[in-house]
1. Of the residues that make up segment 92-108, is at least one of a type outside the set (Ser, Thr, Tyr), closer than 26 Å to residue 182 by Cβ and touching a helix residue (DSSP H, G or I) at 6+ places or on another chain (Cβ under 6 Å)?
2. Could you give me the residue pairs with C-beta distances under 6 Å whose first residue belongs to segment 62-76 and is over 18 Å from residue 163 (Cβ atoms), whose second residue is in a loop (DSSP other than H, G, I, E, B) and open to solvent by less than 20 Å² (accessible area, probe 1.4 Å) wherever it lies, and which are 6+ apart or on separate chains?
3. Could you count how many residues in segment 121-158 are modelled with pLDDT of 95 or more, of a type in the set (D, E, K, R), outside any loop (DSSP other than H, G, I, E, B) and surrounded by fewer than 22 Cβ atoms within 10 Å (Cβ to Cβ)?
4. Just wondering, is there one or more residues in segment 177-184 that are farther than 14 Å from residue 106 by Cα, part of a loop (DSSP other than H, G, I, E, B) and among the β-branched types (Val, Ile, Thr)?
5. crowded, with 22+ Cβ neighbours inside 10 Å, of a type in the set (A, V, I, L, M, F, W, C) and in a strand (DSSP E or B): is that true of residue 189 in this structure?
6. Being farther than 27 Å from residue 176 by Cα and open to solvent by 70 Å² or more (accessible area, probe 1.4 Å) is the filter here, so list the residues in segment 63-78 that pass it.
7. Within segment 79-88, can you find the residues that are without any contact (Cβ under 8 Å) to a residue 24 or more places away in the chain and open to solvent by 100 Å² or more (accessible area, probe 1.4 Å)?
8. Going through segment 89-115 one residue at a time, which ones are touching a residue at least 40 places away in the same chain (Cβ under 8 Å) and surrounded by fewer than 23 Cβ atoms within 10 Å (Cβ to Cβ)?
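The values are calculated or read from the model by the stated rules, or taken from the named source; none is laboratory data. Note that the coordinates shown come from a computational prediction; the quantities given were computed from them, not determined experimentally. Because the Cβ atoms are built from the backbone with ideal geometry, glycine has one as well, and the counts that use them run over all protein chains shown. We work out accessible area using only protein heavy atoms, side chains counted, and drop any ligands, DNA or RNA first. Shrake-Rupley method; radii C 1.70, N 1.55, O 1.52, S 1.80 Å.
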Amino acid sequence: MQKDVWNSLRKYTPARIALGRAGGSLPTQEVLDFSWAHAEARDAVKMELDVEKLAASIERLGTKCLRLASAAPDRDTYVRRPDLGRKLSDLSREALSQSTPPAASYDVSLIVADGLSAVAAQEQALKVLEKLLPLLQSSRISISPVCVVKNGRVAIEDEIGQIMNATSAVILLGERPGLGTADSLGAYLVYHPKVGKTDADRNCISNIRDAGLKPVAAAETILYLLSQSLRRKMSGVQLKDERIKSLSGDDSTAIES
């Protein structure tokens, strides 16, 4: 019997390839694996972020944390009303304003939010910050207190960064979980954060997890893009990761983040 060449590729990817078959159906183990992955993805979306536990862990890294919440009061509302996840609750807006001195000015506002996977935020954000905070300090990039936000979406970084008078904002949050990627974290950078920024104004670093882009590599990429953003006063489609080029040195192949 001829060997299936696809089987040797399974060790290189979590993608669902070379599943085999049992008659006209999938093997029982593959059906069970699919159901397990689907359940993990659903649980990641529904799970509540333990803000206090995460904030306490971040504070042990030597930085202050602010506990905030979006205008979405619970996970069901958060999923059904994306607009509420993009802005702070009235109470959190007032608390953030009061805790930010009028003369405050930061190079970057750092934010952690659950997004669509509280699992990712709970498990991956601390790993990234462990690597990122020393890099920012050695680069003399001033950072705000880290804001830990419950039921937050990407655009909430605009309001937070604006209130904190930050030159830029970076938010780490759980990405929409796929089958087998329920713990994937994303990082979004925006220059001159203010309410009304669009996705075209942001740079995204995706698939941050031990089985994807490792936290240390993600921290280095965030530092690079942030440094370039602050120096060149831009972000989004205008800002590219120019460290990666073709062997010919053609700048046109630079990867856009």
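1. Checked against the condition, which is being of a type outside the set (Ser, Thr, Tyr), closer than 26 Å to residue 182 by Cβ and touching a helix residue (DSSP H, G or I) at 6+ places or on another chain (Cβ under 6 Å), segment 92-108 yields no hits at all.
2. 72/151
3. 3
4. Yes - at least one qualifying residue is present in segment 177-184.
5. The answer is yes for residue 189.
6. Within segment 63-78, just 64 meets the criteria.
7. Those that are without any contact (Cβ under 8 Å) to a residue 24 or more places away in the chain and open to solvent by 100 Å² or more (accessible area, probe 1.4 Å): 80, 81.
8. Those that are touching a residue at least 40 places away in the same chain (Cβ under 8 Å) and surrounded by fewer than 23 Cβ atoms within 10 Å (Cβ to Cβ): 93, 96, 97, 99, 100, 104, 105, 106, 107.
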